[in-house]
Amino acid sequence: MRFLGIDPGLQFTGYGCVDVLPGHAEPVLVEGGVFRLDRRASLASRLAALERDLEAVMTELSPDRLAVEQVFSHAHRARTAILMGHARGVILLSGGRRNLPIDEFAATEVKKAVTGRGHARKQQVQASVAAQLGLDHVPDPPDVADAIAIALCAARRCEGTAVMSTPMG
């Protein structure tokens, strides 16, 4: 089963794709990357670029499930949460058009799943993702590590489903 994790953003949107394979105890990294959106462009232009980039990656990777981080908001950062909600809307729409099951996780849940601490720092998430996947270096920028962590969280939450969903043949 293939999981595509997305860390939404309007300047950098990270994505990470992992497979759960029969006979493997842990998910295997397929690909990770980041969509770089022009912060000087209008909101509508950035959202359109995000949609195009995401569609291209989903076409290439053909995920079975999509996982996305929930919006996190403090009262003094309400504007940021609203803007991030636009990016999440594009991501959810893209997954919905493909009839993908969509998992949504709080940042603290993702961090706890990969580091053991719900309030881990970005560097801890990067190091944990690299160690768990046997990578030679930490995923960078941190948005990539966050997206891979989201995919890992989803894969581990659905592990029983993933193992039972392997194609016959």
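The values are calculated or read from the model by the stated rules, or taken from the named source; none is laboratory data. Keep in mind the model is a prediction, meaning the values are calculated, not measured. Cβ coordinates were reconstructed from backbone atoms using ideal geometry, including for glycine residues, and neighbour counts include every protein chain displayed. Keep in mind that these areas ignore ligands, DNA and RNA; they rest on the heavy atoms of the full protein, side chains included. Shrake-Rupley method; radii C 1.70, N 1.55, O 1.52, S 1.80 Å.
Charges were assigned to the Cβ only: +1 to each Lys and Arg, -1 to each Asp and Glu. The resulting dipole of segment 1-104 about its Cα centre is roughly 560 debye. Taking every DSSP beta bridge that has both ends in the chain, the antiparallel portion is near 65%.
Using a probe of 1.4 Å, the accessible surface attributed to D136 totals some 150 Å² when neighbouring protein chains are kept in position. The Cβ shell under 13 Å around V138 holds other residues with a net charge of -2, Lys and Arg each +1, Asp and Glu each -1. Matching the structure-derived Rg and Dmax of the Cα atoms in Å against the labelled list (1) 15.5, 50; (2) 15.4, 55; (3) 15.5, 47 gives the label (2). Taken along the Cα-to-beta-carbon direction at a fixed 7 Å, the label points for L93 and Q11 span 2.4 nm.
In sequence order, segment 100-112 has phi-based couplings of 7, x, 10, 9, 10, 10, 5, 4, 5, 5, 5, 4, 5 Hz under the Karplus curve 6.51 cos²θ - 1.76 cosθ + 1.60, θ = phi - 60°, and Gly or Pro positions carry x. Sorting E60, E104 by accessible area puts them as E60, E104; the probe is 1.4 Å, largest comes first, and only protein heavy atoms count. Within the accessible area of the chain, the carbon and sulfur atoms contribute 52%, probe 1.4 Å, all protein chains present. In degrees from 0 to 90, rounded to the nearest 10, what is the angle of the helix 122-133 Cα long axis to the longest principal axis of the chain? Between the helix axis and the principal axis of the chain, the angle is about 30 degrees. Once phi is turned into ³J(HN,Hα) by the Karplus curve 6.51 cos²θ - 1.76 cosθ + 1.60 with θ = phi - 60°, what whole-Hz value does each residue of segment 82-92 show in order, with x for glycine and proline? Whole-Hz 3J(HN,Hα) from phi for segment 82-92: 5, 5, 5, x, 5, 5, 4, x, 4, 5, 5. With protein chains left intact and a 1.4 Å probe, residues in segment 16-64 average 54 Å² of accessible area per residue.
Accessible area per residue for segment 79-128, computed on protein heavy atoms with a 1.4 Å probe, is 56 Å². 3J(HN,Hα) couplings calculated from phi for segment 137-147 with the Karplus curve 6.51 cos²θ - 1.76 cosθ + 1.60 (θ = phi - 60°) are, in sequence order, 8, 6, x, 9, x, x, 4, 5, 4, 4, 5 Hz; Gly and Pro show x. Extension gain for Q123-I82 works out to 12.2 nm (0.36 nm per residue, less the C-alpha to C-alpha distance).
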